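The values are calculated or read from the model by the stated rules, or taken from the named source; none is laboratory data. Computed from a predicted structure; not experimentally measured. FYI the Cβ positions are ideal-geometry reconstructions off the backbone, even for glycines, and counts take in every protein chain you see.
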Amino acid sequence: MKKNLLILLIVCAVQGLSSTIFVSPSGNDSSGSGTISAPFATISHAVDESAAGDTISVRAGTYNEVVRIRNANMTLQAYNGEHVVIHAPINDENLDTTVTLDVDSDGTTLNGLEITGGYYYGIMLFTRWDWGDPNDRTGVSHVTIQNCKIHDTGRDCIKVTPECDYLTVEDCEIYNSGIRYGGNAEGVDNVNSDYMIVRDCYIHDTATTGVYAKGGAVGAVIERNIVENCGEIGVALGFDTSPEYFDLTVNPDRYENIGGVVRNCLIRNTGMAGIAFYAAKDASAYNNTLIDTAQSDQSAVYFGVSLQDWEPDTDPNDGIGYRPASTNIHVENNIVLQDSSISTPMVFIRTFYHEGDVGRVNAMDGMPAMDYNCYWHGNGPLAFTDQRPGYEMENGSFSDWQNHIGSEGHSFVADPSLDSEYHPMEGSPCIDAGDSTVPVSDDLDKNPRTAPFDIGAYEVSGAQPPAEGTTYYLPHIAHSNYTTYLLAYTPANEQAEFRISLYADDGSLLQNGSYTLASHSTMKIDISSLSGATAMAATVTLTGGAGVFKCVYFNTAGGMAEFLLDGSLSSQLMYLFPSYNDSVSWNGLACWNTSDSTISVTLTAYAGGVSVGAQSVSLAPMENLVDVIGPGGSLFNSLGLHDFDMIQIQSAAPVLSGLNISGDGQEKLVFTPAVRLN
């Protein structure tokens, strides 16, 4: 049954034609052709030779150059997980940015790269905002930066300019900003870019703020990040932006941030606020853990004023606002833990007055909606301050604060009882003490939240390590034109021991291998190469300690999928396909009988909830069914690509594990786990 799938992959490769350009330190820009056997020597030359939609795959090495990507839907990636460094000096003003995403490079992905230096920035997303055309002020959009390290930059590590919308930064390490000039040097600096996502990143040792989204940025999501050792603020929703960078057609009041959210973040050791709101509208902070923030100024949770270049309001009646106060701010389910030596308040609402054109500027309109928060200041007293005229309270107690804002009735003052990794320990008052109605579905470790929610970034009920002997199932290993990796993590203070067992498609055991992983570390294993490209399925068994396992499929043409491995089996699997039918040319599935007995499975195809076909297949012990559905396969080969949207597989016993497998003519494959129905 594998032959049909492999034949279709070959056909897709021929139809799609290779669009991958290779670069290597051993290559040659003059005599090279950009193939893997005759690569170019520089990334910039590969970019010059590329077309929209191409992939530039870079072999291991350090590339001392600046790169400017101009075409759309490009992928610039490290080849097969190799270590690639792109470096520019920080002392040459002519080399302002190491990697620039130009205005026409929409849809570009940077993957697996280490990017360092740049006089100003490591990565910059470019805009037409100030080109002079009032009808086109757009910037590059839908950019993805993943699995990258960006560090030791002249100023900001990542600079996002106006209208560079839908940026995603994920699984990155960002650090050591401001090596040349540290006075204004963020980890991620977003000015009026909408719908930015920064998640699953480690952001640390920034000269100023870790991440901010300001200038009218709409819908920013900052989630599941560890942000620490910041010279100024950890995460800011809003800040202080020059008036010319606001889009007054959608934001006439010049709010600095609209609808931003910070959730499931661990923020620690900051010079100023852990989380700050500046001229923010409809913004929120949920389930964060703040540790020893605001060590020198502001407060752990801070409401600041935005002066916007002190620009005078020349026409107070024109409907265009200046320096608005934050409004409709929600802060819930957060742990705020300060060492007793830190003298700044827990919460501070600021005001500012200037006798000239600026006048009075308040940080907040009304009161923030705050509740279900845990505060602790060692054994010292807590302080809460509101400077606004008519609301004045300086260094008030927690009960003063509750009365002052008329909320925080479910919040409390107590030692949250955290372990060395800031997870609540058994008996912590934060366990099951949160608001379960907030829009948070998982925790910092990607474990699901279960009601009643815990307070803070970690959910204890979702974070229990698996027991020794737990087995995880990988029902398909990819070989041709793509690679299957196992990523192993140890989140606990002990090493993990695990065994990988590889199986042929007929269920025969090919080999076992044992591995040991040190505490708080990761390991990447190329499963595709372990058995000489003959294994079709694998199990991972935890034999000691605590471990988390993730499967990653990586395609040399740019496709990638990853998900946590699951130790659960089912007697009924559901394969869903409609979300891919507009972008793929074939659909397939993998279904693995993990038992030691022969079973019969029934497959039923559905379209719009109506059965359009059924067939039965017998699977020997540990046999793996991998095939194309419809034309070119043996499963429902009378059905066309759009004749079905779901396949359901059922057996008599809960022994099944499965994956959806979809692809297109460019071999960019999609892998998603089948849904267990019981």
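For M523, the conditions (1) without any contact (Cβ under 8 Å) to a residue 60 or more places away in the chain; (2) loosely packed, with under 13 Cβ neighbours inside 10 Å; (3) on the phi < 0 side of the Ramachandran plot are fulfilled apart from (2). Residues that are of a type in the set (D, E) and farther than 17 Å from L487 by Cβ were ranked within region 503-527; the one that is farthest from the chain's Cα centre (by Cα) is D506.
Conditions (1) buried (at least 16 other Cβ atoms within 10 Å of the Cβ); (2) assigned to a loop (DSSP other than H, G, I, E, B); (3) modelled with pLDDT under 85, marked per residue:
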residue: S611; (1), (2), (3): no, no, no
residue: S616; (1), (2), (3): no, no, no
residue: M622; (1), (2), (3): yes, yes, no
residue: L639; (1), (2), (3): yes, yes, no
residue: H642; (1), (2), (3): no, yes, yes
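Applying the criterion of being of a type in the set (A, V, I, L, M) and in contact with an Asp or Glu (Cβ under 8 Å, 6 or more places away or on another chain) to the residues of region 67-87, the residue that is nearest to M523 (Cα to Cα) is V84.
Taking region 183-199 as the range and being surrounded by fewer than 22 Cβ atoms within 10 Å (Cβ to Cβ) and either among the aliphatic types (A, V, I, L, M) or touching a residue at least 60 places away in the same chain (Cβ under 8 Å) (or both) as the test, only I197 passes.
Scanning region 178-236 for residues that are in a strand (DSSP E or B), charged (D, E, K, R) and under 19 Å from the mean Cα position of the chain (by Cα) yields D189, R199, E223, E228. Within region 374-409, the set of residues being part of a loop (DSSP other than H, G, I, E, B) and either hydrophobic (A, V, I, L, M, F, W, C) or closer than 19 Å to Q298 by Cα (or both) comprises G378, G380, P381, L382, A383, Q387, R388, P389, Y391, E392, S397.
The single condition from (1) at pLDDT below 90; (2) of a type outside the set (A, V, I, L, M, F, W, C); (3) assigned to a loop (DSSP other than H, G, I, E, B); (4) touching a Ser or Thr at 6+ places or on another chain (Cβ under 7 Å) that D309 fails is (3).
Each row is one residue, and each column tells you yes or no for (1) in a loop (DSSP other than H, G, I, E, B); (2) without any contact (Cβ under 8 Å) to a residue 12 or more places away in the chain; (3) more than 26 Å from the chain's Cα centre (by Cα).
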| position | (1), (2), (3) |
| --- | --- |
| V99 | no, no, no |
| L110 | no, no, no |
| Y119 | yes, no, yes |
| I123 | no, no, no |
| G132 | yes, yes, yes |
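Out of T62, T97, one residue alone is surrounded by 18 or more Cβ atoms within 10 Å (Cβ to Cβ) and of a type outside the set (D, E). It is T97. For H45, the criteria (1) in contact (Cβ under 8 Å) with a residue 24 or more places away in the chain; (2) crowded, with 17+ Cβ neighbours inside 10 Å; (3) closer than 30 Å to T138 by Cβ hold in every case but one, which is (1).
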